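This report concerns only the one structure given below.
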Amino acid sequence: MTRLRSFQSLHARMLALSAIATLVALALAGWAIAGVLERFVTEGLDRRLDAEVSLLASTVDREGRIDRARLRQHLGALEGAGGWRWRILAPNQTLSSRDFPALDPGPPHPPLTPGMPEPKRPSLSDAERLHPLEGTREDGSRVHARELTIQSRSGPVTLVAAAPRAVVNRPILGALLPLLIALLALAILLGGASFLQLRIGLRPIRRLRDQVAALRTGARTIIDEDQPSELRPLAVELNALAEDNRSVLATARLSAANLAHALKTPVSALSLQLRDQPEAAAQVARVNATIRHHLARARSQTGNRRSSTALAPAVRDLVEVMFHVHADRMIPIVSDMGEELTVAVDATDLDELIGNVLDNAVRHASSRVTVIARHVPNNPRRIEIDIADDGAGIAKNERSAASRPGTRLDERGDGHGFGLSIVADLVSLYGGRMEMRDAPAGGLLVVLELPASDS
Amino acid sequence: MRILLVEDDPDLGPAIRHALRTENFAVDLITNGIDAAHMGDTEHYDAAVLDLGLPALDGLSVLRAWRAADRALPVLILTARENWSDKVAGFKAGADDYLIKPFRVEELVMRLRALVRRAAGHAQPLLRCGPLSFDTQIGQFELQGLPLKLTAFEWRVLSQLMLRKEAVIERLDLLEKVYEGDADVDSNSLEVIIGRLRKKVGAELIETVRGRGYRLTCAA
């Protein structure tokens, strides 16, 4: 089954349908208008022909004789316009203009009621006895005629006045051109309107498509459920699907994490036993690096955005940890933040975020580290955490590499950037932002912008 | 220096013990939480290396039990759990340091020496006593600026004296810190070691306090 590619597009389908409907409607309208127009013009012509028939009737007397002198007198009026013809068919003679056209056989004449009153001059009351006829001239052009049969004492007299069909067609054609132009303009207008309507009407679908694409690339984790009523069930279903997908993924990652955990102890033993064999030890170190990498990746991809974690206690705990972990460095950590600040980040992930950046700062600081947190100015939905040291800082060109999500630890030899790339992963997972700047004191300033939680 | 090593892995435990012994540490290896809690509570160690995932009683519970009983021995947690949240939990339970598996033995040794040194109240890694100096980071003694060659027992005794220089160290205390728990201790052997040390560093440095123990005197 082949189908036109363009008709797989809803947009093209609907546009084509509305175009066809518009064209059909306009054709019908044109046809109807042309019909009405023709009737009007034909009626006008009929009245003129009827007047001629009356004129012809006035040349026939009661005996059925034709008053030629009178006829001659009216000849100018009868044949004045080019191509107008007439004919009188009396019982004993026939008079007509030259080349009177051949008439198609008309409908049967209405029977002449016996006992009818004396024939008289045709009048408007004869109109119902007048009937139209069509015919063809010698040159093939069509004529329109009106015929009246009157009774004379010597028998019926048939009077016919004919005019070129062109008399009707010309004004119709003349009116049809502007009509068609108007209809065409209307068609274009309607087409444009339905195109616009589709573009605006289908905009939510395009937005949904973009969101699904963003969902796939990980730029967002859920689809907006604030959709038009037709699309809302789809968005809800897609979110449910994404959630299923995530939980399957989370299970898989948990298994990977458990596996990595289980491997760490035997790898530790192996690396101790192989201390004196540098080549084998290097292999073990690679295994170790791979385990750490995958464990960290597994951990940094299962964020729970519906969490709410108080910032200040978490920072206090981590500062305490830093004093122990870097006991010999004796770097004071000064923190300044409101107790009310809560972030929409899982507690473990928040520890991981702040812990890695703080650890990096303490490692590189020469005399002190500062941690400042506050709401982003004019945006109560975001919280900014600035962690600065007064060490040597990181060169600008290395910053982007250190903070690029998914940077493998073996790309950076010192292992310090490893923590920052995990931070970058986590920050993007929670829809936050991470930036590295020059600290006022000369070292590195890491700015973490995280979503604030509702509570 | 005598270390309590708590590690249940049948390969890793002995491997760490071997590596630490090479660095002159006396090591008692315990493989379950309940024994570990008991040993830490009753024996005198310079520091403990504690795994978290232990049979019978998990590492954090062992640590909390020690702290609840006011056991101040420095504890280094050695674990595969590398989340900062796990570290927070470890330090809250009373740990003094935290090392993640797999690790470099050099780092474990350095951290253990630093723990013991800080527990003895020394902020700086280099300790001096008259002509004698002790770099606690590399565990190296120097006499008049020249490296001193010491046996494991000599090193253990001298490091104890150095860490608590100018203080009298009980004989029993010294014995506990020098011999592993299952060692056959000959009561005279300590005197033999002290005698050999005096020959190496100078007799006037190590003073015998009769009826009590020994003292490293630096002023002389």
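Miscellaneous remarks
- Qualifying residue in region A:48-60 (condition: in a helix (DSSP H, G or I), open to solvent by 70 Å² or more (accessible area, probe 1.4 Å) and at pLDDT 85 or above): yes
- Restricting region A:35-47 to residues that are surrounded by 16 or more Cβ atoms within 10 Å (Cβ to Cβ) and not β-branched (Val, Ile, Thr), the residue that is farthest from the chain's Cα centre (by Cα): A:Asp46
- Total residues in region B:45-60 satisfying the condition of being closer than 16 Å to B:Ile16 by Cβ and either among the hydrophobic types (A, V, I, L, M, F, W, C) or modelled with pLDDT of 90 or more (or both): the figure is 10.
- Among the criteria (1) of a type outside the set (Gly, Ala, Ser); (2) at pLDDT 85 or above; (3) crowded, with 16+ Cβ neighbours inside 10 Å, the one A:Ile66 does not fulfil is (2).
- The test for being β-branched (Val, Ile, Thr) and modelled with pLDDT under 70 does not hold for A:Thr370.
- Members of region B:71-88 found to be part of a strand (DSSP E or B) and within 9 Å of chain A (Cβ to nearest Cβ), listed by number: B:Leu78, B:Thr79
- Test: residue in region A:1-16 that is modelled with pLDDT under 85, touching a Lys or Arg at 6+ places or on another chain (Cβ under 9 Å) and hydroxyl-bearing (Ser, Thr, Tyr): yes
Here is a yes/no grid of residues against (1) modelled with pLDDT of 85 or more; (2) assigned to a strand (DSSP E or B); (3) of a type in the set (Ser, Thr, Tyr):
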site	(1), (2), (3)
A:Glu134	no, yes, no
A:Glu138	no, no, no
A:Arg146	yes, yes, no
A:Gln151	no, yes, no
A:Val168	no, no, no
A:Ile172	no, no, no
A:Ile181	yes, no, no
A:Ala187	yes, no, no
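- Qualifying residue in region B:50-62 (condition: open to solvent by less than 40 Å² (accessible area, probe 1.4 Å), without any contact (Cβ under 8 Å) to a residue 40 or more places away in the chain and closer than 29 Å to B:Gln140 by Cα): no
- Only listed residue being of a type in the set (Phe, Trp, Tyr) and open to solvent by 30 Å² or more (accessible area, probe 1.4 Å), chosen from B:Phe91, B:Phe153, B:Phe134, B:Phe103: B:Phe153
- Counted as qualifying within region B:89-189 are the helices (runs of 4 or more DSSP H) with 3 or more residues that are within 14 Å of chain A (Cβ to nearest Cβ), out of contact with any Lys or Arg (no Cβ under 9 Å at 6 or more places or on another chain) and under 30 Å from A:Glu352 (Cβ atoms), namely B:105-119.
The values are calculated or read from the model by the stated rules, or taken from the named source; none is laboratory data. Since this is a predicted model, take the numbers as computed values, not measurements. So basically every Cβ, Gly included, is an ideal-geometry build from the backbone, and we count neighbours across all protein chains shown. Please note that ligands, DNA and RNA were not included when accessible areas were found on the heavy atoms of the full protein model with its side chains. Shrake-Rupley method; radii C 1.70, N 1.55, O 1.52, S 1.80 Å.
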